[in-house]
Amino acid sequence: MLAVCALSMFLVGLDTTIVNVGLPVIGRGLGADTRSLEWVVDAYTVVLAGLLIASGALADRFGRRRVFRCGLVLFGVASLACAVAPSLGFLVAARAVQGVGASMLSPVALAIVVNAMPDPRERARAIGVWASVFGLSMAAGPVTGGALVEVFGWRSVFWINLPVIAAALVLVAVFVPESRGQRARRIDLPGQLLLTLALGVSVALLIEGPRIGWTSAPALAGYVVAAAATAAFIRVELRREEPLIDLGLFRRPAFSAAVLGAVAVFVALNVTLLLTTLYLQQARGWTPLAAGLATLPMAVGATLCAPWSGRLVGRVGPRRPLVLAGAFTATGGLCLVNLGQDTGVPLLLAAYLLIGIGFGFANAPLTDTAVGGLPKSRAGVAGAVTSTARQVGSAVGIALAGGLVAGADPAGLAAASRPGWWLVAGCGVFLLAVAAPKRS
């Protein structure tokens with residue numbers, strides 16, 4: 001059962017990053033610039049982030065296996081649409097639908113695992129395995145994508161999903177039992193709509209702000225809409241008996257720290273992946289395969305350290321692996337703050353390895369802290385809150401990194417990306433701050 005759930009998480013994570021390495025090729029094939037290409041990634045992550053909590057609640061109410069299987073089918077149909085997309089607009093729309101399907105997989109998979117493993121130590125180890133697979137998928141996406149784009153073209157990064165989904169559907173039918181939350185919640189439709197609006201407009205401003213101007217009339221209107229949607233969301237959630245997000249949870253330092261830490265980790269990861277893709281392919285002329293292989297140390301570091309992190313959480317609590325995560329992430333970012341046109345490959349690979357190690361150590365303690373802080377009957381929602389934070393971080397990271405280099409020519413891309421590496425280092429420092437209060 002853990003293997004089946006991990007397989008679904010592999011799909012969700014893979015499709016968050018596999019497209020990154022193919023963006024330059026997609027741009028040439030569909031006639032799109034860098035800023036437009038950011039939507040190919042963020043249409044997926046914004047929709048995924050906006051719907052995760054509702055999907056977790058749906059799973060607790062109607063059955064986790066049922067929602068899980070629906071998500072697999074929708075994800076497969078959307079992957080097929082992405083693979084045959086005739087234009088950028090069609091591809092972005094299909095990616096958004098793919099995000100809807102993915103939202104039914106991520107929190108539900110974690111809820112199934114948590115429900116099946118009541119022992120805290122066993123659960124921590126299982127989350128370590130889960131985080132290892134998820135970390136592998138996120139970090140290995142560029143490697144896989146580079147190989148597929150090089151040999152079969154960019155559409156193959158979506159075709160590859162279909163046999164995996166078919167296998168997952170069979171395995172779910174055989175191995176995954178049905179389960180529900182002990183007390184199903186009502187669906188908070190107003191809260192869901194306001195959350196999606198606030199996230200979508202905020203990310204749109206980050207992506208389009210450099211193009212339309214941060215003080216232009218459309219940007220000012222966007223600020224008003226984002227602020228109003230956020231304020232209305234808070235007001236609605238505080239008044240509902242069964243809110244989408246129980247805002248009172250954020251008064252608990254451990255829960256708030258886990259959520260903010262998850263955002264920081266995924267900002268760092270996605271800034272790294274997008275800047276690396278554009279720098280290696282556009283500034284240095286590397287092929288998609290070579291650019292993907294350059295991130296292999298990141299995948300190795302994440303995969304090896306995630307299960308180790310899970311064991312540490314089970315033995316000594318989340319603080320020690322979080323300290324390691326912050327230290328490695330900050331060091332990796334600092335390695336590239338002076339990135340130049342001819343920066344040595346060994347330094348690049350070392351930086352990617354350090355960031356991958358940091359990513360691997362971070363996921364298990366953050367997930368365990370967030371899930372452990374909520375009642376078991378709310379496992380679906382607990383997983384959704386943490387996963388939402390991850391996808392918000394992914395969307396924000398892509399938007400910020402793209403904004404830094406969208407107008408840069410190949411010769412100036414390295415210099416333009418340097419603030420991004422300071423941001424990665426800052427995310428590592430933030431993780432150290434999150435780990436500072438002892439929460440064993």
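Let me know the charge dipole size of the stretch 146-288 about its Cα centre in debye, to the nearest 20, where only the beta-carbon of Lys, Arg (+1) and Asp, Glu (-1) is charged.
240 debye
Highest GNM mean-square fluctuation, the chain, Cα pairs closer than 10 Å: which of ILE26, ILE355, ILE398?
Largest GNM mean-square fluctuation: ILE26.
Compute the Kirkwood hydrodynamic radius of the chain, taking the inverse of the mean of 1/r over all pairs of distinct Cα atoms, and give it in Å to one decimal.
21.3 Å
Using the Kirkwood formula on the Cα atoms of the stretch 229-317, what hydrodynamic radius do you get, in angstrom to one decimal?
For the stretch 229-317, inverting the mean 1/r across all distinct Cα pairs yields 16.8 Å.
Place a +1 charge on the Cβ of each Lys and Arg in the stretch 1-115 and a -1 charge on the Cβ of each Asp and Glu, then give the dipole magnitude about the Cα centre in debye, rounded to the nearest 20.
Charge dipole, the stretch 1-115, about its Cα centre: 360 debye, nearest 20.
Using protein chains only and a probe of 1.4 angstrom, how many square angstrom of LEU2 are accessible, to the nearest 10?
Here the accessible area works out near 40 Å².
What spacing in nm lies between the two simple spin-label points modelled at VAL174 and PHE62, each 7 Å away from Cα in the Cβ direction?
Roughly 2.7 nm, to one decimal.
With unit charges on the beta carbons (Lys and Arg positive, Asp and Glu negative) and the dipole taken about the Cα centre of the chain, which residue among MET117, VAL77, GLN391 sits farthest to the positive side?
The one lying farthest along the dipole's positive direction is MET117.
Give, rounded to the nearest 20 debye, the magnitude of the charge dipole that the chain has about its Cα centre when Lys and Arg contribute +1 at Cβ and Asp and Glu contribute -1 at Cβ.
My answer is approximately 1300 debye.
Given the -39500 (n - 2.57) contribution per DSSP H run of 4+ residues, what per-residue ellipticity at 222 nm results for the chain, rounded to the nearest 500 deg cm²/dmol?
The per-residue figure over the chain is -27000 deg cm²/dmol.
The values are calculated or read from the model by the stated rules, or taken from the named source; none is laboratory data. This is a predicted model, so every value here is computed, not measured. Cβ atoms come from the backbone with ideal geometry, glycine included; neighbour counts cover every protein chain shown. These area figures cover heavy atoms from the full protein model, side chains too; ligands, DNA and RNA do not enter into them. Shrake-Rupley method; radii C 1.70, N 1.55, O 1.52, S 1.80 Å.
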